[in-house]
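> Next up is a structure, given as structure tokens.
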Amino acid sequence: MSKILLTTSNRDVAAQIAYLLNIGGQLAYNQSEQSVMHSPITYVVEMYGNQVAGVIGLRCSGNVTELKHLCVHPSFRNKGIGLKLLKKGVEYATTNIVYGTVRSDNLTNIRNNLRVGMKPVCKHRGRRGATIIIFARRK
């Protein structure tokens with residue numbers, strides 16, 4: 001079996017993931033390299049050289065997988081990376097039910113969720129007043 005060795009350290013990737021999560025300003029608290037390294041979330045990362053171009057998190061709980069923290073670096077937007085990461089998130093989910101939340105004003109992410117077979121199942125008001133749509137699908 002092949003081995004793949006990366007020139008970028010896990011700590012560097014974790015720091016870049018934390019940066020991406022923080023620039024969106026949507027999380028309750030800022031992430032750090034350490035919080036990413038010790039998180040129960042599994043991150044799927046799209047790299048461009050040594051730079052993190054995008055990331056999506058997977059958190060399995062019981063018989064469902066939550067897709068979390070989909071972020072694409074501003075320099076790499078409009079290149080299909082978000083759609084690719086959503087597809088990979090669904091593919092790598094170890095459960096039959098996959099879900100995620102999207103702000104109602106994030107039209108690109110709504111469109112991408114529909115493209116990967118996710119369906120809107122309900123809406124609720126987020127902590128900052130935004131409408132949040134919950135998308136879900138069976139694998």
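Throughout, read-outs are computed from the coordinates displayed, never taken from laboratory work. Please read these numbers as outputs of a predicted model, since none were measured by experiment. Here the Cβ positions follow ideal geometry from the backbone for every residue, glycine too, while neighbour counts run over all protein chains shown.
> Select from segment 1-88 those trypsin sites (Lys or Arg not before Pro) which occupy a DSSP coil region and have at most 14 other Cβ atoms within 10 Å, ordered by residue number.
The qualifying sites are K3, R77, K79.
> If I require 30 Å or longer along the helix axis, counting alpha carbons, and a Kyte-Doolittle average no lower than 1.0, what helices from the chain are left? Use full DSSP H segments.
Working: long enough: none.
Taking the DSSP H segments of the chain (at least 30 Å long, mean hydropathy at least 1.0), we get none.
> Using DSSP, restrict attention to beta bridges with both residues in the chain and report what percent are antiparallel, rounded to the nearest 5.
Details: 27 of 31 bridges.
Taking every DSSP beta bridge with both residues in the chain, the antiparallel ones total about 85 percent.
> Also: Using a simple charge model, +1 on the beta-carbon of Lys and Arg, -1 on the beta-carbon of Asp and Glu, nothing else, what dipole does segment 40-138 show about its Cα centre, in debye to the nearest 20?
Working: 17 positive and 4 negative charges, 65 e Å.
So the dipole magnitude of segment 40-138 works out to roughly 320 debye.
> Here's something else I'd like to know. Could you rank the peptides 36-42, 50-56, 25-31 by their average count of other C-beta atoms within 10 Å per residue, with the highest value first?
Packing proxy ranking, top to bottom: 50-56, 36-42, 25-31.
> Name the shape class, rounded, prolate or oblate, that the alpha-carbon gyration tensor gives for segment 68-129, where a ≥ b ≥ c are the square roots of its eigenvalues, rounded holds for a/c under 1.5, and otherwise prolate holds if a/b is larger than b/c and oblate otherwise.
It comes out oblate by the Cα gyration axes.
> What FRET efficiency would be calculated for the residue pair I132, T7, taking the C-beta separation as r and a Förster radius of 35 Å, to the nearest 0.05?
0.35
> Let me confirm the definition first: pairs of Lys residues in the chain, 8 or more apart or on different chains, C-alpha distance under 18 Å. How many are there?
Lysine pair count for the chain: 15.
> Can you figure out the FRET efficiency of V121 with Y92, using R₀ = 30 Å and their beta-carbon distance, to the nearest 0.05?
For V121 and Y92, the calculated efficiency is 0.90.
> Classify segment 12-139 as rounded, prolate or oblate from the Cα gyration tensor: take a ≥ b ≥ c as the square roots of its eigenvalues, call it rounded if a/c is under 1.5, otherwise prolate when a/b beats b/c and oblate if not. List each step's numbers first, then the result.
Values: a/c = 1.36, a/b = 1.29, b/c = 1.05.
Rounded is the answer for segment 12-139, as its axis ratio a/c remains below 1.5.
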